[in-house]
1. Only one residue in 56, 67, 89 is of a type in the set (Val, Ile, Thr), assigned by TED's automatic domain parsing to the domain that holds residue 172 and farther than 18 Å from residue 195 by Cβ, so which one is that?
2. Restricting to region 256-282, and then to whatever is in a helix (DSSP H, G or I) and touching a strand residue (DSSP E or B) at 6+ places or on another chain (Cβ under 6 Å), can you tell me which residue is surrounded by the fewest Cβ atoms within 10 Å (Cβ to Cβ)?
3. Could you say whether any residue in region 148-169 is without any contact (Cβ under 8 Å) to a residue 12 or more places away in the chain, more than 21 Å from residue 21 (Cα to Cα), among the acidic types (Asp, Glu) and not in a strand (DSSP E or B)?
4. Given the condition surrounded by 15 or more Cβ atoms within 10 Å (Cβ to Cβ) and within 28 Å of residue 135 (Cα to Cα), answer yes or no: does some residue in region 199-209 qualify?
5. In region 117-142, which residues are of a type in the set (Gly, Ala, Ser) and under 21 Å from the mean Cα position of the chain (by Cα)?
6. Considering (1) in contact (Cβ under 8 Å) with a residue 60 or more places away in the chain; (2) under 25 Å from residue 280 (Cβ atoms); (3) over 18 Å from the mean Cα position of the chain (by Cα), say which one residue 86 fails and leave the rest.
7. Every residue in region 214-255 that is under 18 Å from the mean Cα position of the chain (by Cα), closer than 30 Å to residue 24 by Cβ and assigned to a loop (DSSP other than H, G, I, E, B), please.
8. Of (1) modelled with pLDDT of 95 or more; (2) part of a loop (DSSP other than H, G, I, E, B); (3) not β-branched (Val, Ile, Thr), residue 77 satisfies all except one. Which?
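The values are calculated or read from the model by the stated rules, or taken from the named source; none is laboratory data. Just so we're clear, the structure is a prediction, and the values are computed from it rather than from any experiment. Note that each Cβ is placed from the backbone with ideal geometry, even for glycine, and that neighbours are counted across all protein chains shown.
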Amino acid sequence: MNAENHNPNSAPIVECVPNFSEGIDRDKVVKIVRAMKVEGVHLLDWSMDSDHNRSVVTIAGSPEAVVEAAIRGAGKAAELIDLTGQTGVHPRIGAADVIPFVPVSGISLVQCVMLARQAGMGIWRRHGVPVYFYEAAASRPDRVNLEDVRRGQFEGLSRDVRRESTRRPDVGGPELHATAGASAVGVRKFLIAYNIYLERDGETPDVGLARSIAKEVRMSSGGQFGVKAMGVVVNSRAQVSMNITDFQRTPVSKVHAAVKEIAEQHGARIGEGELIGLLPEEAYETNAEWVRQIPQFDPEEKVLERRLQHPLLWP
């Protein structure tokens, strides 16, 4: 699975996981996904979250085709999503909010940076949406972390770019698109988006407990390496929503165990888990407790390498 040790004779495969700021209107999301249909690109997964008002799409295929699909998806999102009337609990700066490229095989992180730059230029030139580059694609140290790029969200960033030159986009601008904001285009290793619901006998755990647990497990507060976490309310239930950015150093089982232990210390327990998007074969721990607690988990559908063998039909 290590892209650095790839077979030079194999065709390169890159994954892209664009996140769009629409999780309520299914018709809009279907149109965005449909716009990304490009020869040489496989649709691996797509999901909508009405509470976060967000959808996540996973595609993979040949580098040039995936770049083209990402540009088209960003353009359709800009056409359909108006952030001035959009709300949700998830931070966002754009209609096509984040567009990360991930090396799968036959391609390196450095090569993916070039793809990200191509995608960013295409999004601006074709659709007039400015772009920030983050993580491995960042051209400035203060833009490596996505949280720093998204500080203030669409509303705050729209104001800041008029007053602070340091907050202006890397490509395009200087002002954001009036309704579609900006897109953050990046390059990263595999990220596992993993959520855990909380339960307590006789009452519903409040979001305060989820926030406390999130603070204890996230790296920025001295918790687990490579873990980002926040406490949110989803379907009237408290949830610890997490991104695991280095599953090799911090496996999902370690994160699951930490959340379970902290919840029990507070008189609560963990309920079912939730995996948004896919995970690589290397991160899949057969029969692990966290796997068993995800309802209807099917590795043929949720493990990237297996899904590549039988991708979804385009809508």
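1. Details: 56 fails: farther than 18 Å from residue 195 by Cβ; 89 fails: farther than 18 Å from residue 195 by Cβ.
Only one candidate passes the filter, namely 67.
2. The selected residue is 281.
3. Checked against the condition, which is being without any contact (Cβ under 8 Å) to a residue 12 or more places away in the chain, more than 21 Å from residue 21 (Cα to Cα), among the acidic types (Asp, Glu) and not in a strand (DSSP E or B), region 148-169 yields at least one hit.
4. Among the residues of region 199-209, not one is surrounded by 15 or more Cβ atoms within 10 Å (Cβ to Cβ) and within 28 Å of residue 135 (Cα to Cα), which makes the answer no.
5. Our first condition is that a residue be of a type in the set (Gly, Ala, Ser); within region 117-142, this holds for 119-120, 122, 128, 136-139.
Within region 117-142, 119, 120, 122, 136, 137, 138, 139 meet the criteria.
6. (2)
7. Listed by number, the residues that qualify are 218, 245.
8. The number of the failed condition is (2).
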